[in-house]
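Here's the structure, in structure tokens; my notes come after.
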Amino acid sequence: MLDQLCYKDKNTFLQNVNTVAVLTYLAALLLLPLIFTHPLYLLGVFLICVLAVVVSDAVKEWVPFLMVGVWVAVFVMILNPLLVQNGSTVLFYGPVLPVIGRLRITMEAVCYGAVMGIRLMAVITVFALYSAVVHPDRATGLFSRFAWKSSLVVSLATRMIPAAARDLTNAREVQQMRGVDFSAGNFRERLQKYSWLLEVLLLSRAWQSCRRQ
């Protein structure tokens, strides 16, 4: 997942456009699903975001965000009808539950949950598109004239993400060459194996800092 957060220069149209224009375009895509409530409008905004992802050759980077968004959207679609009792078209009457009362699932609550899922997918797609087309240095450079210290801290932090992702991938490949299977064992054993990777990563970063000094 960390690899998907790293900016990759693919010489696409949105990557070559002025940073202010790209940020304005992304801000408009982010505000539209927050303003609109009609499902067709939200679906249209989502399709526009998907088209921008395809044009920017960022489908591979978008897929992990999409999977997370799908699971969260499904969770919202299931949870909303159980908690919201509003609506006149009753689809199902269930047992009496504590605090909630009698379970009453309505078509309006199901549709509202679906609309919220589409809105969430659109917002997540916009953030995935931002990470794929906006260079971190260009984004922070816009604010360097007003808050150069904060911009410097943010720039250094964003540079640490791809470096940490590369070190983590290299450490995992070394452990796999030694015969370590990260998919084998129970949850506790797999957690211990990944904790070794984190320890190697921290030691590597500390050694690099000492070497620079």
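A few comments on the model shown:
- Here each label is just a point 7 Å from Cα along the line to Cβ, and for Phe92 and Ala27 those points are 4.4 nm apart.
- Stretchable slack from Gln85 to Phe127, in nm (0.36 nm times residue separation minus alpha-carbon distance): 11.9 nm
- Backbone N under 14 Å from the Asn18 label point (7 Å along Cα→Cβ), restricted to segment 29-66: none
- When peptides 109-121, 168-180, 52-64, 70-82 are ranked by their average number of other Cβ atoms within 10 Å per residue, the highest-first order is 109-121, 52-64, 70-82, 168-180.
- Segment 3-134: C-alpha gyration tensor shape, a/c 1.5 cut-off, then a/b vs b/c: prolate
- Under-5 Å amide H pairs with Leu91, H placed in peptide plane, nonlocal only: Ile105, Thr106, Met107
- Taking Ile48, Ile124 and counting other C-beta atoms within 10 Å, the order from fewest to most: Ile48, Ile124
FYI, it's all coordinate maths here, none of it is from the lab. What you are looking at is a predicted structure, and each value in this text was computed from that prediction instead of being measured. Note: ideal-geometry Cβ built from the backbone for every residue, glycine included; neighbour counts use all protein chains shown.
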